[in-house]
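Asker: Here it is, the structure in full.
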Amino acid sequence: MSVSDAAGLAETLEDRPPATRMAIAVLALVGLLVASYLSMYKLGMLGVIQCQIGSCETVQASAYSYFLGLPVAYYGVGAYAAILAVALAGVQPRFARERWVALALFGLSLVGVLFSAYLTYLEAAVIHAWCQWCVISAVLITLIFLLSLPGLRQAR
Amino acid sequence: MRKERSGRRLPAASRGGYCCAIPRPRAPDGAPPPHPEESVPRPAPQPRRSSLLPFYVILGVVALGGAFVLFRQQGGGGKAANTLTPVTLTPAQLQSVPGISKGRADAPVQILEFADFQCPGCRQFALFSEPLVQEWIDNGTVRFTWYEFPLTQIHKNAVLTARGGRCANEQNKFWEYHEATFAHQAEWSEADDAAKMLGEYAAGAGLDRAAFDACLLSDKYQKEVSDSYQLGVNLGVEGTPTLIVNNKRVERTPSTRADWQALIEAETRSAPVTAPSLDGASGPVPVAPAPAADSAAP
């Protein structure tokens, strides 16, 4: 989605319940589930990790699955939960026009995209293995970031 | 709809509705909000609740579906809520492939663990959950036996570390090796020189390094580890760690002391006092090391 597309979308959606926020909420919920799954694996609650594509165990067992001493999946749970909470607030008529909602969604998803980009770089260049759940998460956070852009324009 | 945009930024009109709902008089504002689009005929505003309802339904379905999938995955293999599954396990099968045990041979609760040194869940279990069962091992209630279940398709150093365990057992230091190897899992998991690292951990855990290295850098115990894996397959082990308690597969691996207590109490209540000794004949260390290897221990 280009910026002009996003702007067009923003105008289209302006007078309706913010569909971008709803989409963000659903995507964040899916991301929360994916991150929870990986966290449960890290907690030892799953025997083996389901992985149809790629080599999840290789990625999950690597030292890079930790960041500042915590599994990266935990950060995912926190970030997606925060985005979900803000997006849910953002669909409420009370907060729909609030500037902080748009800014928070933009800020959280920007950090998420940058962190995902770093993790994806590690998968590609350092670990040389792909983890389907990590790739799904990277796609989700990128979509959330793009969907946060129209709201940003609207809030100005 | 588009032509009505001009009113959207008026706070009094827009708060409480997405845009163009009927403006409600608001006490603090005093003056009624302007209505620039009053003359334009417009569709009746939709009730707010109904416009959000499909969204909440979708969100709820995704949440419930996801939670259901996660719940089924828990404990591995997507088994039903039943916590124990009987397995066909004969003393003869266990005699054919000795594991590595601690605890009284005739303990009423016989716990078998099928595990892989390179599996993160096994590391979690070994470092945080299994130490909690030690008190029942010490008082003679539990005998705990390790069986290798190396997942070779996904873990490049699984067999090496499994064989290393058997090598450490030659020196009666399997559990020291077990702890050190799991503690350093992240370092050696993908390493190409894992054998060297294992030697260092073994030396750090008080093993005779020369003897350990000589054993590790051979194909010694290849057969035992392979047999142990095959035993696990025969018993229906699908993932690691899998526990088998008195011939029943535990679907949810204990993680707290209370979990262990419930599991052990259920067994001590149901098991007869004269529980069969599954491998009592082999002594405290069922993988009987050659006497020569024993003497190499410090």
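Computed from the coordinates by the stated procedures, all read-outs in this text should not be read as laboratory data. Fair warning: this is a prediction, and the values are worked out from it, not measured in the lab. Here the Cβ is made from the backbone with ideal geometry for all residues, glycine too, and neighbour counts use every protein chain on show.
Asker: Taking each residue in B:179-191, count the Cβ atoms of any other chain within 10 Å of its Cβ, then average. What number comes out?
Answerer: Working: counts 0, 0, 0, 0, 0, 0, 2, 6, 1, 0, 6, 8, 0.
Average per residue, whole number: 2.
Asker: What does the convex hull of the Cα atoms of region B:168-249 come to per residue, in Å³, rounded to a whole number?
Answerer: 119
Asker: Working out 0.36 nm times the residue gap between residue B:67 and residue B:106, then minus their Cα-Cα distance, what length gain in nm do you get to one decimal?
Answerer: Here the segment from residue B:67 to residue B:106 would lengthen by 9.8 nm.
Asker: Label points 7 Å out from Cα along the Cβ direction at residue B:233 and residue B:193: separation in nm?
Answerer: The modelled label-to-label distance comes out at 3.4 nm.
Asker: On a 28 Å Cα-Cα criterion, which of the cross-link pairs B:196/B:223; B:173/B:223; B:156/B:248 come out too long?
Answerer: B:156/B:248
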